[in-house]
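Peer 1: Below you'll find the structure I mean.
The values are calculated or read from the model by the stated rules, or taken from the named source; none is laboratory data. This structure is a prediction, so every number in the text was calculated from the model and none was measured. When we count neighbours, we look across all protein chains shown, and the Cβ atoms used for this are built from the backbone with ideal geometry, even at glycine.
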Amino acid sequence: MNLRELAFQLSAITLIADAAKEAKERLRREFAAALEEVGADAAKAVLEGEEIAKVSLVHPKNSAEVLSEKALVEWVKSNWEYEIVESVRDSFRKHILDSVENVDGKAIYPRTGEVLDFIHFNTRDPYISTRFKDGGREALLGAFRAGALSPSEVMSEELLMAVGQ
């Protein structure tokens, strides 16, 4: 496959994935409402008379959450003073990290020229981004609707791998 074919296929898959995500969320809402209507918490998915999956409504356990950080700190300080640590506010930490300059891999604070050896620069891996041009999504949708393009064509390798071929 050449570069343009790969870009086209990736654009089509992006559209399918976005539509699938929206469909999945809509179906989850409808499924939850249908479960509530009949008083159930699960249902079997059946294909040609064979059960292929069980779809369930999961009730996660409640978890505790701190409502007042200040009250928690005061309480812990009065009961376990050794558990209190000094820290830098997140907003100021962000300011410092945004301010330092990368000079030959060293973090230099520009206002003072200091080398901050407790800061290093992470490298990030490149990634692929699909950005549709104006009308691009609509053009692909039109191709899917007209039958000129199908999800099975775009995902042929994955579908074959899924069935073990």
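Peer 1: Of the residues ARG145, ARG137, ARG93, ARG89, which single one is basic (Lys, Arg) and in contact (Cβ under 8 Å) with a residue 12 or more places away in the chain?
Peer 2: Checking each option against the conditions leaves just ARG137.
Peer 1: Take the residues in region 114-153 that are touching a Leu at 6+ places or on another chain (Cβ under 9 Å) and among the aliphatic types (A, V, I, L, M); name whichever of them is surrounded by the most Cβ atoms within 10 Å (Cβ to Cβ).
Peer 2: Checking each candidate, the answer is LEU140.
Peer 1: In region 126-152, how many residues are part of a helix (DSSP H, G or I) and within 13 Å of SER11 (Cα to Cα)?
Peer 2: 9
Peer 1: Next question, about the same structure. Looking only at region 63-75, decide whether some residue is out of contact with any Cys (no Cβ under 8 Å at 6 or more places or on another chain), within 30 Å of ALA43 (Cα to Cα), at pLDDT below 95 and not β-branched (Val, Ile, Thr).
Peer 2: Yes: region 63-75 contains one or more residues that are out of contact with any Cys (no Cβ under 8 Å at 6 or more places or on another chain), within 30 Å of ALA43 (Cα to Cα), at pLDDT below 95 and not β-branched (Val, Ile, Thr).
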